[in-house]
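The structure appears below as structure tokens.
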Amino acid sequence: MESAEIRRRWLRFFEERGHTVVPSASLIADDPTLLLVNAGMVPFKPYFLGEAAAPYDRATSVQKCVRTPDIEEVGKTTRHGTFLQMCGNFSFGDYFKEGAAKFAWELLTTSQQAGGYGLDPERLWITVYEEDDQAERIWRDLVGVPAERIQRMGKDENYWDMGVPGPCGPCSEVHYDRGPELGPEGGPAVNDERYVEIWNLVFMQYERGAGEGKDYPILGDLPKQNIDTGLGLERLAMILQGVPNLFEIDTSRMVIDKVTELTGVRYGASDHSDVSLRVAADHIRTAIMLIGDGVTPGNEGRGYVLRRLMRRAIRNIRILGAAGPTVAELTDTVVRAMGPQYPELVEDHQRIETVAVAEEAAFLKTLRAGTNILDSAVTETRSGGGTVLPGDKAFLLHDTWGFPIDLTLEMAAEQGLSVDEAGFRRLMREQRERAKADAKSKKQGHADLSAYRQVADATGTTEFTGYSATEGEASVL
Ligand code: ATP
Ligand code: MG
Ligand code: MG
Ligand code: MG
């Protein structure tokens, strides 16, 4: 079943069951606490929080999402992409656990001829929150899932909150058994690659108080109990299309094939090159979706997420052997792959391509200039028997060639070296202080713009913390 058909069936199923179909919102979250939309419920947050009255009791959507924390998983696991489409059904004080569980089971297991997805019910496993007896009873007694395929999980996996006082509640997840080739039996509690999670049902049930992490008091029941669910369209496509990972589903495979064509590296040639192919295809697709929604490359926030994705894609393509520009052709492919579902990409093709190609050109220039310097620094370090690239080399690369430290770190790591980051940061600090002192002494005379420029450069490219501060992760590039 094609991705487009999965999407159509989803919306039709829930529309026929009284849900209002809501189009995907932009990836740029209308929410100051969030850089990018990372779940289907984000556009509905004001209703769940009671900040606005929901104009419907039931809604359904297929929402574009970007998950930057999953960037390191891409290509390594079979089931994490940076861009995903989350199919959701939502109840605002209407149906609750029983309704949500029954809808999920019906849609997944109804035959394809009858409009469902036709999954084999014996391959479905359910997890419930360890204290949620009610959910377990519903799955077992009302839906008819055998007790041995229902597992209890702790707060880390099966409890939802938003990190602040407000609604919270247990989750229940549906997993699909992809078979013994992927590991031993035992259910999702022991193996999340074989028993891949496809659908998360969140039961917003309680009001929580303040506290760190998952350590907070439950203040009582919410006045209105809500349902928020999310099914990964790409994960279901992977199962229904019988492919081993979500980079090989219809829409993604087109992009991998293009990277293959541009680099001459066959998919399946080696595990190592396959990871590079998947990373390149995944990241370029996400980048194009972001540009499509109006993000432009930059050194902060979403602009930096975009820049980092593009740089990782381009570097992987170079590692695979394509030295020249490839982004224009890849943009065409992504627009062709995603256009049928997102016609705005087709309309905006020219603008998207212009932004993407300009970023590629700038980055290729940086790479060309800096790579030789880096390589000779690596050779020098190695021949002296060292394993740590000196801080002054990283500083030179940054100062003269515009290499962000993250790039130096990653490229040195590829050659088996670490980098004296402390030394690098000390030199950056010293440069900043010099520039400051310079600027001060020249304040009386004519303005010397180069000093200001240096300060701006230094702070602009190295003191960026927004990305890691917002997402709580190390930035690699
Ligand atoms: P996982 O445990 O596999 O990382 P999750 O628990 O983080 O998934 P949820 O936040 O529950 O995922 O999101 C709802 C659904 O979205 C998941 O059940 C899955 O089908 C899908 N999904 C989540 N992350 C990704 C991703 N990085 N790529 C593709 N699909 C995803
Ligand atoms: Mg996850
Ligand atoms: Mg999970
Ligand atoms: Mg989940």
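Readers should treat all values here as calculations from the given coordinates under stated rules, not as data from a laboratory. Just so you know, these numbers come straight off a predicted model, no measurement behind them. Cβ sites come from the backbone with ideal geometry, for glycine too, and all protein chains shown count toward neighbours.
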* To do: Return the calculated 222 nm mean residue ellipticity for the chain, to the nearest 500 deg cm²/dmol, obtained by summing -39500 (n - 2.57) across DSSP H runs with n ≥ 4 and dividing by the residue count.
  => -14500 deg cm²/dmol
* May I ask you to order 178-189, 107-118 by the average number of other C-beta atoms within 10 Å around their residues, highest value first? => 107-118, 178-189
* Assuming a ≥ b ≥ c are the square roots of the Cα gyration tensor eigenvalues, decide whether region 249-369 counts as rounded (a/c under 1.5), prolate (otherwise, with a/b larger than b/c) or oblate. => oblate
* Asked: Cα gyration tensor of region 3-240, axes a ≥ b ≥ c as square roots of the eigenvalues: rounded (a/c below 1.5), prolate (a/b > b/c) or oblate?
  -> rounded
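Give 45/214; 45/224; 64/214 a once-over and call out the pairs whose C-alpha atoms are over 18 Å from each other. It would help to have the intermediate numbers written out before the result.
Details: 45/214 20 Å; 45/224 14 Å; 64/214 28 Å.
Check vs 18 Å cut-off fails for 45/214; 64/214.
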* Which of 219, 280, 50 sits farthest toward the positive end of the charge dipole of the chain, with +1 on the Cβ of Lys and Arg and -1 on the Cβ of Asp and Glu? -> 280
* Quote the relative contact order of the chain in percent (integer), defining contacts as alpha-carbon pairs under 8 Å separated by 6+ residues. => 12
